[in-house]
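Accompanying notes for the structure given below.
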Amino acid sequence: MLSNKQIRLLELLDKQVKNCRGCLLHNNGKSIPYWKSESKYAIISETPNYNEVRTKLPLMGAAGEILREQLGRVGFSSKDFLIINTVQFRAASGTGNGKPDEGQIITCQNYLRKYLKIVNPEKILCLGNYAKYIFTGNTQGVLRERGKFQHFKLNGSEVEYPVLFTINPAYCIYNMEEGTRILQQDIKLFKDSKFEKPMDWFLDESDFLII
């Protein structure tokens, strides 16, 4: 369970995301990271879609439903996770999808790094290429790097996290049989793999006042 201090700092970060004007993407809408007091793992997805900025929550819409169904099959609930996008702001207006540039990804990493520092997840599930990129720095397709845990430090972080790359659940919409098989395999691996919890952070509240 998250402590009262952790919850207070997460609420502070939520407000900062809501009020952020750090780049032009804020004009296209945003999703606020999802977390509960029970959250002990993390899911990092790519960029908010139309449904996510409409509801202000990550992983909404058809892809999110697919993911939650597969998580439920192995006994997970959404509340077990901090769910956060690589970029908290939509990279396109309207209903189409867009791509953030590298500068926008780096800017939003400040939020991501701080959310992870507070929650201190035991392990991280990364969905899709953007989520993989922030750890690996390469654009190699996620299908080549999925299926095994690796340990990474996020840029500016002091601790390595156990990270598992897998497909974005949207892949299942267009490749249902293959996508479902991959997602099921990787979520089961995520469930069954055990790691020592990363080091406990000293959380200085002044570190979270300004992004």
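Only the coordinates and a few stated rules stand behind these numbers; no lab work does. A quick note: this is a predicted structure, and the numbers were derived from the prediction, not measured. Using ideal geometry, Cβ is built from the backbone for each residue, glycine included, and neighbour counts are taken over all protein chains shown.
Note on segment 157-211: residues that are β-branched (V, I, T), crowded, with 19+ Cβ neighbours inside 10 Å and within 22 Å of Q109 (Cα to Cα) total 3.
Scanning segment 39-78 for residues that are over 20 Å from N28 (Cβ atoms), free of Cβ contacts under 8 Å to residues at least 60 places away in the same chain and small (G, A, S) yields G72, S77, S78.
Look at (1) touching a residue at least 40 places away in the same chain (Cβ under 8 Å); (2) over 16 Å from the mean Cα position of the chain (by Cα) and you find that Q140 fails only one, number (1).
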